[in-house]
Amino acid sequence: MEGNLILKVLETALLCAEQPMRVSELAKLFAEGDGVNNDVIKQQLMKLQDEWADKGLELAQLASGWRFQSRPAMQKYLERLNPEKSPKYSRAVMETLAIIAWRQPVTRGDIEDIRGVSVSSQIIKTLEDRGWIEVLGHRDAPGRPALLGTTKQFLDDLGLKALDELPGLASEDEVLLLAEEKLSGLVLGNEAPTQEDGNNMQMSLVDTQQTDGTDAQEAGPGATEK
């Protein structure tokens, strides 16, 4: 099969896809006799990236695969189509997410040791329902507490391919600071996030009243979040 046709097939499939597509999924577009293997597909994807370099959309490689997404410069225009602001998660939720992301795998007890307050079940459920965290296993300790880690959806929403693309943090204080300064821009809707959503990691956390019933009662060590 000629390269131009391969390119068109991949471009069409990715533009019509609702979710990121892996190379193995894209390979199903071609018959065995087409002579299109994974290496050829990867080469064509790189070429496709170059062809869209100056357009409002870009082809991005994420943890779950490849997808087209809008560029940051287009975000302010797209927001005018849907002026409603996305809900903000509480500081407690974002701090918990940051600890899980940078210290995974961690137990609920590990999170409480770092934050100095009890972590409510609602916080964990909020993050699980959003698809950002999951149980990776259980620690060999009394009660076999669940070990929590982030998901591919979490990486997709940040526009990342792998966990090693997260910035390195040396201390727990840095993790908590990051929750305040860089994680507030995570996409909150169900639609595919744009690159702007990932770039919003650089924005400061808006200290709003929570909308999910999970704000912490930060009264000091031993306090409980409701």
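Each reported figure results from applying straightforward, stated rules to the coordinates on display, with no laboratory input. The structure presented is a predicted model; accordingly, all values stated were derived computationally and were not measured. So basically every Cβ, Gly included, is an ideal-geometry build from the backbone, and we count neighbours across all protein chains shown.
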All other residues with a Cβ under 14 Å from the Cβ of Leu5 taken together, and with Lys, Arg as +1 and Asp, Glu as -1, what is their net charge?
-> -1
In what sequence, highest mean first, do 118-124, 30-36, 18-24 appear when ranked by Cβ atoms within 10 angstrom?
-> 118-124, 18-24, 30-36
So what is the orientation-averaged projected area of the stretch 3-70, using the convex hull of its C-alpha atoms, in nm²?
-> 4.3 nm²
Non-local Lys pairs in the stretch 1-126, i.e. 8 or more apart or on different chains, that have alpha carbons under 29 Å apart = 16
